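The values are calculated or read from the model by the stated rules, or taken from the named source; none is laboratory data. Since this is a predicted model, take the numbers as computed values, not measurements. Ideal geometry is used to build each Cβ from the backbone, glycine not excepted, and the neighbour counts take in all protein chains shown. Protein only, heavy atoms only, side chains kept; ligands, DNA and RNA dropped before computing areas. Shrake-Rupley method; radii C 1.70, N 1.55, O 1.52, S 1.80 Å.
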Amino acid sequence: MNVTIEPVSNRDGILTVAQLAREIWTQHYMSIIGPHQINYMLERFQSAEAIQAQLADRFEYHIARQNGVPVGYIGLIPNEPTGKMMLSKIYVKDTARGAGVGNALLALTKKRAADTGAGTVWLTVNRHNERTIGWYKGKGFSIADTVKKDIGSGYYMDDFIMECTLD
């Protein structure tokens, strides 16, 4: 496995993340939240315009490539809240799962958290996304809380908040 991870710093990177988001979300979330909510959330949170705005507002995005091909990405928010790193997004294409891409992205997340002085990485995950919850638990995360957030147009994010303390 040859995995490289690069920061998103230009329009090409933004477009790559938006394209990966559409492909991965459509594959993974169809049975969990359905096509209408997927499309709404992609447009609101993962369109090229949304990603550009997030990058301008302290987000970091990084693209994982396997043998040069984009296969996943992360979105991080340093000091959200102070002393913690929010792993806002971590997504890997189905075809690349099990090859260490997620582990590499999580390792970079923890390194970036340590670089910013954070002692904890936290995230939200859909409460019905059992496979992913199990993966996070296997990586040292535990459920800290639940949150149900209105994201507009009659849609809610019904999530667990999971945390992992850095060693």
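Here are some notes:
- The range 90-120, subset free of Cβ contacts under 8 Å to residues at least 40 places away in the same chain and either open to solvent by less than 30 Å² (accessible area, probe 1.4 Å) or in contact with a His (Cβ under 9 Å, 6 or more places away or on another chain) (or both), residue nearest to Phe141 (Cα to Cα): Leu106
- Neighbours by Cβ (under 8 Å, 6+ apart or cross-chain): first from the range 40-56, within 17 Å of Thr26 (Cβ to Cβ); second assigned to a helix (DSSP H, G or I) and open to solvent by 50 Å² or more (accessible area, probe 1.4 Å): Leu42/Arg22; Gln46/Arg22; Ala48/Arg11; Ala48/Leu15; Ala50/Glu43; Ala50/Arg44
- The range 50-103 holds no strands (runs of 3 or more DSSP E) entirely within its bounds that carry 3 or more residues that are of a type in the set (D, E, K, R), on the phi > 0 side of the Ramachandran plot and under 15 Å from the mean Cα position of the chain (by Cα).
- Test for Thr26: is it among the hydroxyl-bearing types (Ser, Thr, Tyr) and either within 14 Å of the chain's Cα centre (by Cα) or open to solvent by 40 Å² or more (accessible area, probe 1.4 Å) (or both): yes
- Note on the range 121-148: among residues that are in a strand (DSSP E or B) and under 16 Å from the mean Cα position of the chain (by Cα), the one that is surrounded by the most Cβ atoms within 10 Å (Cβ to Cβ) is Val121.
- Subset tally (residues that are assigned to a helix (DSSP H, G or I) and open to solvent by 80 Å² or more (accessible area, probe 1.4 Å)) for the range 1-14: 2
- The range 134-149, residues that are under 20 Å from Ala107 (Cβ atoms) and of a type in the set (A, V, I, L, M, F, W, C): Trp135, Phe141
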